[in-house]
Amino acid sequence: MSLKDLANTIADRANTDPSESWTAKLLANPDKAAEKFGEEAVEAIIEATKGDKTRLTSEAADVMYHLLVMCAAHGVTLNDIEAELAKRTNQSGLAEKASR
Ligand SMILES: N=c1c2ncn([C@@H]3O[C@H](COP(=O)(O)OP(=O)(O)OP(=O)(O)O)[C@@H](O)[C@H]3O)c2ncn1[C@@H]1O[C@H](COP(=O)(O)O)[C@@H](O)[C@H]1O
(Lines give C-alpha, C1' and ligand atoms only; values in the text may rest on other atoms or scores of the structure.)
Protein backbone atom coordinates (compact mmCIF):
# COMPACT_ATOMS: atom_id res chain seq x y z
CA MET A 1 0.00 0.00 0.00
CA SER A 2 1.33 3.48 -0.81
CA LEU A 3 1.57 6.14 1.90
CA LYS A 4 -0.94 8.16 -0.13
CA ASP A 5 -3.51 5.34 0.00
CA LEU A 6 -2.81 4.80 3.70
CA ALA A 7 -3.28 8.51 4.42
CA ASN A 8 -6.57 8.48 2.51
CA THR A 9 -7.77 5.46 4.54
CA ILE A 10 -6.80 7.25 7.75
CA ALA A 11 -8.67 10.40 6.67
CA ASP A 12 -11.77 8.32 5.88
CA ARG A 13 -11.70 6.81 9.39
CA ALA A 14 -12.41 10.24 10.89
CA ASN A 15 -16.06 9.48 10.16
CA THR A 16 -16.00 5.94 11.61
CA ASP A 17 -17.24 4.83 15.02
CA PRO A 18 -14.16 4.40 17.30
CA SER A 19 -15.53 1.05 18.49
CA GLU A 20 -15.13 -0.27 14.92
CA SER A 21 -11.68 1.06 13.97
CA TRP A 22 -8.27 1.39 15.66
CA THR A 23 -7.58 4.46 13.53
CA ALA A 24 -10.85 6.11 14.54
CA LYS A 25 -10.06 5.35 18.18
CA LEU A 26 -6.69 7.12 17.92
CA LEU A 27 -8.10 10.06 15.92
CA ALA A 28 -10.61 10.60 18.74
CA ASN A 29 -7.75 10.72 21.27
CA PRO A 30 -4.74 12.68 19.88
CA ASP A 31 -2.67 12.18 23.05
CA LYS A 32 -3.11 8.40 22.71
CA ALA A 33 -2.09 8.65 19.03
CA ALA A 34 1.10 10.48 20.07
CA GLU A 35 1.80 7.90 22.79
CA LYS A 36 1.40 5.01 20.32
CA PHE A 37 3.71 6.73 17.81
CA GLY A 38 6.36 7.07 20.53
CA GLU A 39 6.02 3.40 21.53
CA GLU A 40 6.31 2.21 17.94
CA ALA A 41 9.32 4.47 17.30
CA VAL A 42 11.12 2.96 20.29
CA GLU A 43 10.27 -0.56 19.09
CA ALA A 44 11.74 0.31 15.66
CA ILE A 45 14.92 1.65 17.29
CA ILE A 46 15.31 -1.59 19.24
CA GLU A 47 14.95 -3.70 16.09
CA ALA A 48 17.41 -1.45 14.21
CA THR A 49 20.05 -1.93 16.89
CA LYS A 50 19.46 -5.70 16.83
CA GLY A 51 19.96 -5.75 13.05
CA ASP A 52 16.86 -7.86 12.28
CA LYS A 53 15.69 -6.55 8.86
CA THR A 54 12.34 -8.37 8.89
CA ARG A 55 11.40 -7.11 12.38
CA LEU A 56 12.66 -3.61 11.52
CA THR A 57 10.51 -3.57 8.38
CA SER A 58 7.45 -4.52 10.42
CA GLU A 59 8.14 -1.91 13.11
CA ALA A 60 8.89 0.73 10.45
CA ALA A 61 5.44 0.11 8.97
CA ASP A 62 3.93 0.55 12.45
CA VAL A 63 5.87 3.81 12.85
CA MET A 64 4.74 5.23 9.50
CA TYR A 65 1.11 4.31 10.11
CA HIS A 66 1.10 5.79 13.64
CA LEU A 67 2.98 8.93 12.47
CA LEU A 68 0.30 9.58 9.84
CA VAL A 69 -2.47 8.97 12.39
CA MET A 70 -0.84 11.29 14.96
CA CYS A 71 -0.46 14.03 12.31
CA ALA A 72 -4.03 13.52 11.05
CA ALA A 73 -5.29 13.86 14.64
CA HIS A 74 -3.79 17.38 14.55
CA GLY A 75 -4.95 18.28 11.04
CA VAL A 76 -1.54 17.73 9.41
CA THR A 77 -1.85 15.81 6.14
CA LEU A 78 0.59 13.74 4.08
CA ASN A 79 0.38 16.55 1.48
CA ASP A 80 1.58 19.02 4.13
CA ILE A 81 4.54 16.77 4.98
CA GLU A 82 5.40 16.22 1.31
CA ALA A 83 5.28 20.00 0.72
CA GLU A 84 7.69 20.51 3.62
CA LEU A 85 10.02 17.84 2.20
CA ALA A 86 9.80 19.45 -1.25
CA LYS A 87 11.01 22.76 0.20
CA ARG A 88 14.14 20.95 1.39
CA THR A 89 14.91 19.22 -1.91
CA ASN A 90 17.74 21.54 -2.95
CA GLN A 91 19.38 21.89 0.43
CA SER A 92 21.72 19.30 1.88
CA GLY A 93 21.21 18.39 5.51
CA LEU A 94 24.78 19.38 6.38
CA ALA A 95 24.44 22.79 4.66
CA GLU A 96 21.17 23.43 6.52
CA LYS A 97 22.77 22.57 9.87
CA ALA A 98 25.74 24.84 9.15
CA SER A 99 23.41 27.77 8.31
CA ARG A 100 21.70 27.74 11.75
N1 LIG B 1 -1.40 -0.03 9.09
C2 LIG B 1 -2.18 -0.19 10.04
C3 LIG B 1 -1.72 -0.60 11.32
N4 LIG B 1 -0.48 -0.88 11.78
C5 LIG B 1 -0.62 -1.23 13.09
N6 LIG B 1 -1.92 -1.15 13.44
C7 LIG B 1 -2.54 -1.49 14.72
O8 LIG B 1 -1.90 -0.76 15.74
C9 LIG B 1 -2.17 -1.41 16.96
C10 LIG B 1 -0.92 -1.36 17.79
O11 LIG B 1 -1.33 -1.68 19.07
P12 LIG B 1 -0.48 -2.56 20.07
O13 LIG B 1 0.43 -1.67 20.81
O14 LIG B 1 -1.44 -3.38 20.84
O15 LIG B 1 0.34 -3.50 19.07
P16 LIG B 1 1.82 -3.93 19.21
O17 LIG B 1 2.73 -2.73 19.19
O18 LIG B 1 2.02 -4.95 18.15
O19 LIG B 1 1.79 -4.55 20.65
P20 LIG B 1 2.92 -5.34 21.40
O21 LIG B 1 3.00 -6.66 20.68
O22 LIG B 1 4.18 -4.53 21.26
O23 LIG B 1 2.41 -5.39 22.79
C24 LIG B 1 -2.63 -2.83 16.65
O25 LIG B 1 -4.01 -2.95 16.90
C26 LIG B 1 -2.35 -2.94 15.15
O27 LIG B 1 -3.27 -3.78 14.49
C28 LIG B 1 -2.62 -0.76 12.38
N29 LIG B 1 -3.95 -0.53 12.22
C30 LIG B 1 -4.38 -0.15 10.99
N31 LIG B 1 -3.56 0.03 9.91
C32 LIG B 1 -4.09 0.46 8.60
O33 LIG B 1 -5.25 1.23 8.80
C34 LIG B 1 -6.34 0.63 8.11
C35 LIG B 1 -7.61 0.89 8.87
O36 LIG B 1 -7.60 0.19 10.10
P37 LIG B 1 -8.81 0.36 11.11
O38 LIG B 1 -8.87 1.76 11.48
O39 LIG B 1 -8.51 -0.52 12.31
O40 LIG B 1 -10.03 -0.10 10.40
C41 LIG B 1 -5.98 -0.84 7.99
O42 LIG B 1 -6.66 -1.44 6.91
C43 LIG B 1 -4.49 -0.73 7.73
O44 LIG B 1 -4.25 -0.39 6.36
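Brief remarks follow.
- Accessible surface, the chain, averaged per residue in Å² (probe 1.4 Å): 70
- Here the 3J(HN,Hα) profile of segment 49-63, calculated from phi with Karplus coefficients 6.51, -1.76 and 1.60 at θ = phi - 60°, is 6, 7, x, 8, 5, 5, 5, 5, 4, 5, 5, 5, 5, 4, 5 Hz, Gly and Pro shown as x.
- Legend: P(r) of the chain from all alpha carbon pair distances, 5 Å bins from 0, whole percents, reading 2, 13, 18, 18, 18, 17, 10, 4, 1, 0.
- Placing +1 on the Cβ of every Lys and Arg and -1 on the Cβ of every Asp and Glu, with no other charges, gives segment 3-98 a dipole of roughly 280 debye about its Cα centre.
- 3J(HN,Hα) couplings calculated from phi for segment 18-24 with the Karplus curve 6.51 cos²θ - 1.76 cosθ + 1.60 (θ = phi - 60°) are, in sequence order, x, 6, 10, 8, 4, 4, 4 Hz; Gly and Pro show x.
- Set of aspartates and glutamates with alpha-carbon distance to residue 36 below 16 Å, sequence-local pairs under 8 removed: 59, 62
- Neighbour net charge for residue 94 - beta-carbon separation under 15 angstrom, K R +1, D E -1: +2
- The chain: calculated mean residue ellipticity at 222 nm from DSSP helix runs of at least 4, using -39500 (n - 2.57): -23000 deg cm²/dmol
- Apolar share of the accessible surface for the chain: 55 percent from carbon plus sulfur atoms, 1.4 Å probe.
The values are calculated or read from the model by the stated rules, or taken from the named source; none is laboratory data. Predicted model, so just to flag it, every value in this text is computed and none were measured. With ideal geometry, Cβ positions are generated from the backbone for all residues, glycine too; neighbour counts draw on all protein chains shown. SASA here: full protein model, heavy atoms, side chains in, ligands and nucleic acids out. Shrake-Rupley method; radii C 1.70, N 1.55, O 1.52, S 1.80 Å.
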